[in-house]
Each structure stands twice: as C-alpha cells, then as structure tokens.
Amino acid sequence: MVEEYDILYSKFALKDAKNLTSAKLDKKVKELIKIISINPFQNPPPYEKPVGNLDGLYSRRINIQYIIVYEVMENKINCHSCVSSQSTIYGKSRICIKTLF
C-alpha cells in the first residue's frame, strides 16, 4: 500500500484557494494535490525547481499563468501557494516561508 504525504497549507495557500472556483481551476488543483500527496516527484506532470529565494521548493503548473509551490519534508508537504501567478509568488515566498512552517 502506498503511504501518502500529509499536506499542510500556508495562510497564503488557503487564501489563494478561495479563488479557485471562480477561476475554474479547482478540479485541476485537486488533481495535482492528489498526485503530489502520493508522489511529489512524479513525472508527468512535470515539476520544476525554482531558483533564487525559492531554492529548495518545487512547483507545478496549473496552467500557463498559475503554479503550485510546495516543499517536501520527510512525511509531509508544505504547500506555500496554491494559486498565484509567477510574478506574485516570488514576492510572497519571502513572507510565507517564514510563517506557519
């Protein structure tokens, strides 16, 4: 039996999640979160390793504009942002990585 990772959400990810339904991305995000919870390094769909202040985190594309940013720990995954444009996530990450985790 495959053991799933626990998913923890930052306050930014929870705030972003409220916009999922209106953007009609909720199904896609739920699918990606399910994949990440089973195997955060599964390919496909491809994952990326951001650089700079996001070093050590991973991201997956929801669509061309939005990404999920997460961090893999021993038996849990910290989801830093569920739905943010790439330009926004780089600004948020400095704050959200220091909060909650």
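The values are calculated or read from the model by the stated rules, or taken from the named source; none is laboratory data. Computed from a predicted structure; not experimentally measured. Glycine also receives a Cβ, built like all others from the backbone with ideal geometry; neighbour counts cover every protein chain displayed.
Numbers below:
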quantity	calculated
Any hit, the stretch 64-71, residues being free of Cβ contacts under 8 Å to residues at least 40 places away in the same chain and part of a helix (DSSP H, G or I)	no
Extreme residue, farthest from Tyr58 (Cα to Cα), among residues of the stretch 1-24 that are modelled with pLDDT under 80 and of a type in the set (S, T, N, Q)	Ser22
Any chance Phe41 is aromatic (Phe, Trp, Tyr), modelled with pLDDT of 90 or more and either under 16 Å from Ser10 (Cα atoms) or under 13 Å from the mean Cα position of the chain (by Cα) (or both)	yes
Enumeration of residues in the stretch 1-34 that are part of a strand (DSSP E or B) and under 11 Å from the mean Cα position of the chain (by Cα)	Ile7, Leu8, Tyr9
Single unsatisfied condition, Val83 versus (1) crowded, with 20+ Cβ neighbours inside 10 Å; (2) modelled with pLDDT of 80 or more; (3) among the β-branched types (Val, Ile, Thr)	(2)
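Yes/no matrix, rows are residues, columns are (1) exposed (fewer than 11 other Cβ atoms within 10 Å of the Cβ); (2) small (Gly, Ala, Ser):
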residue: Lys27; (1), (2): yes, no
residue: Ile35; (1), (2): no, no
residue: Ile38; (1), (2): no, no
residue: Phe41; (1), (2): yes, no
residue: Tyr47; (1), (2): no, no
residue: Gly52; (1), (2): yes, yes
residue: Arg61; (1), (2): no, no
residue: Gln65; (1), (2): no, no
